[in-house]
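K.L.:
Quick one: structure below, then a few questions.
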Amino acid sequence: MKLLLVEDDRKIVDYLRKGLVEAGFAVDVAFRGDDGLHLAQVCDYDLIVLDVMLPGLDGWSIIGELRGSGRQTPVLFLTAMDAVHDRVRGLELGADDYLVKPFAFSEFLARVRSVLRRGAVRNNDVLQIADLELDATRFTASRAGRKLELTPKEFGLLALLARRAGDVLSRTLIAEQVWDMNFDSDSNVVDVHIRRLRAKVDDPFPAKLIHTVRGVGYVLEVRA
């Protein structure tokens, strides 16, 4: 899953990005409100984490623009503005949750997952391809009814392949979406994780779902 973090405090950004990446998320960052609004309008995110007091454009204006244009991407406000009327304003503008600084990362992550679960209920965000089933907000996967024990990165990789089932995904796209990095042609990080994923998703089962398209990348699909 991919999140947008709109926050001008670089220490908080580094802290949150590290924890979110370890939890299996890809994270884009905007340090200015106007940059955050642009990214939110041109890219698809599963969740936007939004400060209120930002240079360029404040958080109130950002969520107002998004909801006014019909974008319903879930929004979690993360701000030092702790007055009751501020919380009410954020929720009335269309935020899905509101967390006050300072905060514990464990609570922040729980709230992120809670918002994503609510979005999953609205969007029926359970993916199923043949006998493979993924719940992208509960971070669970099973095949033929057997639970798959996946690391956060393995789950993120499998979820990306499942969301784009039938599409051949290049190593560059996979690295960008799962590792939030530019792909280095000398790096084998994608291939290594694909091998590990196949060992859990495909090797114990007769029908293989993850396929290599030589010179291009990988695809998850049912083949005869």
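K.L.:
Can you tell me which residue within region 26-60, out of those that are in a strand (DSSP E or B) and of a type in the set (Gly, Ala, Ser), is surrounded by the fewest Cβ atoms within 10 Å (Cβ to Cβ)? Steps first, please.
P.N.:
Step one: filter region 26-60 for residues in a strand (DSSP E or B), giving 26-30, 47-50.
Subsequent filtering for residues that are of a type in the set (Gly, Ala, Ser) retains 26, 30.
Values: Ala26: 21, Ala30: 23.
Per the stated criteria, the residue is Ala26.
K.L.:
Okay, moving on. Looking at this structure, is Met1 among the hydrophobic types (A, V, I, L, M, F, W, C) and either within 25 Å of Ile174 (Cβ to Cβ) or in contact with a Lys or Arg (Cβ under 6 Å, 6 or more places away or on another chain) (or both)? Steps first, please.
P.N.:
Numbers: among the hydrophobic types (A, V, I, L, M, F, W, C): yes; either within 25 Å of Ile174 (Cβ to Cβ) or in contact with a Lys or Arg (Cβ under 6 Å, 6 or more places away or on another chain) (or both): yes.
Against the criterion (among the hydrophobic types (A, V, I, L, M, F, W, C) and either within 25 Å of Ile174 (Cβ to Cβ) or in contact with a Lys or Arg (Cβ under 6 Å, 6 or more places away or on another chain) (or both)), Met1 qualifies.
K.L.:
So is Leu150 at pLDDT 90 or above, crowded, with 18+ Cβ neighbours inside 10 Å and either assigned to a loop (DSSP other than H, G, I, E, B) or of a type outside the set (Gly, Ala, Ser) (or both) or not?
P.N.:
Numbers: at pLDDT 90 or above: yes; crowded, with 18+ Cβ neighbours inside 10 Å: yes; either assigned to a loop (DSSP other than H, G, I, E, B) or of a type outside the set (Gly, Ala, Ser) (or both): yes.
Considered against the rule, which asks whether it is at pLDDT 90 or above, crowded, with 18+ Cβ neighbours inside 10 Å and either assigned to a loop (DSSP other than H, G, I, E, B) or of a type outside the set (Gly, Ala, Ser) (or both), Leu150 comes out as yes.
K.L.:
Which condition does Pro74 not pass, out of (1) surrounded by 15 or more Cβ atoms within 10 Å (Cβ to Cβ); (2) over 20 Å from Asp35 (Cβ atoms), if it passes all the others?
P.N.:
For Pro74, the exception is condition (2).
K.L.:
Do we find a residue being under 30 Å from Leu209 (Cα atoms), at pLDDT 90 or above and part of a loop (DSSP other than H, G, I, E, B) anywhere in region 69-76?
P.N.:
So the first thing to find is which residues in region 69-76 are under 30 Å from Leu209 (Cα atoms), and the list is none.
No.
K.L.:
Restricted to region 104-128, and to residues that are at pLDDT 75 or above and not in a helix (DSSP H, G or I), which residue is surrounded by the fewest Cβ atoms within 10 Å (Cβ to Cβ)? So that I can check it myself, show each step before the final result.
P.N.:
From region 104-128, those at pLDDT 75 or above are 104-117, 126-128; that's our starting set.
Next, only the ones that are not in a helix (DSSP H, G or I) stay: 104, 126-128.
Values: Ala104: 9, Val126: 14, Leu127: 17, Gln128: 12.
Of everything passing the filter in region 104-128, Ala104 is surrounded by the fewest Cβ atoms within 10 Å (Cβ to Cβ).
K.L.:
Kindly evaluate Asp167 against the criterion of being surrounded by fewer than 16 Cβ atoms within 10 Å (Cβ to Cβ), in a helix (DSSP H, G or I) and acidic (Asp, Glu).
P.N.:
Numbers: surrounded by fewer than 16 Cβ atoms within 10 Å (Cβ to Cβ): yes; in a helix (DSSP H, G or I): no; acidic (Asp, Glu): yes.
Spelling it out, it is not the case that Asp167 is surrounded by fewer than 16 Cβ atoms within 10 Å (Cβ to Cβ), in a helix (DSSP H, G or I) and acidic (Asp, Glu).
The values are calculated or read from the model by the stated rules, or taken from the named source; none is laboratory data. Note that the structure is predicted; figures quoted are calculated from it, not measured. Here Cβ is always computed from backbone atoms with ideal geometry, including for glycine, and neighbour counts include all displayed protein chains.
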